[in-house]
1. Have a look at Val23, Val104, Val78 and point out the one that is in contact (Cβ under 8 Å) with a residue 60 or more places away in the chain and of a type in the set (A, V, I, L, M, F, W, C).
2. Is it the case, given these coordinates, that Thr55 is closer than 22 Å to Tyr224 by Cβ, out of contact with any Asp or Glu (no Cβ under 7 Å at 6 or more places or on another chain), among the β-branched types (Val, Ile, Thr) and exposed (fewer than 14 other Cβ atoms within 10 Å of the Cβ)?
3. Sort out which residues of the range 60-71 are surrounded by 14 or more Cβ atoms within 10 Å (Cβ to Cβ) and either at pLDDT 95 or above or not in a helix (DSSP H, G or I) (or both), and write them in order of number.
4. If I filter the range 32-42 for residues that are exposed (fewer than 12 other Cβ atoms within 10 Å of the Cβ) and modelled with pLDDT of 95 or more, do I get at least one hit?
5. From the set of residues in the range 205-254 that are touching a Ser or Thr at 6+ places or on another chain (Cβ under 8 Å) and more than 22 Å from His170 (Cβ to Cβ), which is surrounded by the fewest Cβ atoms within 10 Å (Cβ to Cβ)?
6. Grab the helices (runs of 4 or more DSSP H) fully contained in the range 148-231, keeping just those with 3 or more residues being of a type in the set (Ser, Thr, Tyr).
7. Identify, by number, the condition in (1) among the β-branched types (Val, Ile, Thr); (2) closer than 22 Å to Ala206 by Cα; (3) at pLDDT 85 or above that Ile161 doesn't meet.
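The values are calculated or read from the model by the stated rules, or taken from the named source; none is laboratory data. No experiment lies behind these values; they were computed from the predicted model shown. Note that we place each Cβ from the backbone using ideal geometry, even for glycine, and neighbour counts take in every protein chain shown.
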Amino acid sequence: MTVFVSAVKHNTQNNMGAAGSLVNSLACLWRQPCTRAYLPHLFFCISFIGSVLKTTGLVPESYFSNSRNILNLYFVKVSWAWTIALLLPFIRYSNIYNRNHTFVLRRLTSLLVATLIWYICTETFSYIEDITGSCYESDTMQVTHGDIIATKAACKTAGFIWDGFDISGHSFILAYSSLVIVEEMVPMLNIPQSDRNVPLNCLYIALNAIVAIWIWMFGCTSVYFHDIIDKTIGTLCGILGWYMTYGVWYPMSFSPGLPPQQKQHA
């Protein structure tokens, strides 16, 4: 029994050590100023290059060209829920070091602001698609019941096809979520390794994994779906939502504030 307990403790220590090493490696990556500074540019580049590849047809169909792929169904479709579920405890634990509870609560309000931006943008995109679109029969592609079916939801429910100005919600939410997560992960760079606990390390690793998934799926969206104008507007809205908060509003006194030791954007 003693041998078994010792083995379990040894394996646990090894796993904790491996997690700590991974956290250190990820922290080194994000500690580079250029890594965070160029992330918005990366999204624009991916969107443009992906759109060119889509237009030229150079990229063949794949598992990720099907919207029912597992990452799209179980991650992207509920991407904001994933973002909030991971950021909420992370902001709580990562900001508590050398900070009072008032500061932590103030920082948590940034998630309320981000959720409001997400809601306004996605609802606006849906409204624009409704007022600019028409419902078509799938076989003849003739406008059908234009006086009765006035929304995409009603058209889809009736089994028809809706064609409107479809701003890419995927491009928006994946870019916006990634930028918000990267900003909120900054406090981890300043927490001594001795003060990091297992839950905090796991949350940090999970957030990095989610960012990697968001960037990958952003690329898939760029290559396989939407027109370039739809993706460009969606991406621009995501970047503007991030910049107007973390770059313009949050450095001000009457705001949720920036994460600890966060460098202000130029």
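1. Details: Val104 fails: in contact (Cβ under 8 Å) with a residue 60 or more places away in the chain; Val78 fails: in contact (Cβ under 8 Å) with a residue 60 or more places away in the chain.
When all the criteria are applied, what remains is Val23.
2. Values: closer than 22 Å to Tyr224 by Cβ: yes; out of contact with any Asp or Glu (no Cβ under 7 Å at 6 or more places or on another chain): yes; among the β-branched types (Val, Ile, Thr): yes; exposed (fewer than 14 other Cβ atoms within 10 Å of the Cβ): yes.
So Thr55 fits the description; yes.
3. Ser67, Asn69, Leu71
4. yes
5. It comes out as Trp249.
6. On the way: elements: 152-157, 169-184, 198-224.
Answer list for the range 148-231: 169-184, 198-224.
7. Every listed condition holds for Ile161 apart from (2).
Yes or no, residue by residue, for (1) closer than 13 Å to Pro259 by Cα; (2) part of a helix (DSSP H, G or I); (3) touching a Leu at 6+ places or on another chain (Cβ under 8 Å):
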| position | (1), (2), (3) |
| --- | --- |
| Leu73 | no, yes, no |
| Trp80 | no, yes, no |
| Ile84 | no, yes, yes |
| Pro89 | no, yes, yes |
| Arg92 | yes, yes, yes |
| Tyr97 | yes, no, no |
| Arg106 | yes, yes, no |
| Leu111 | yes, yes, yes |
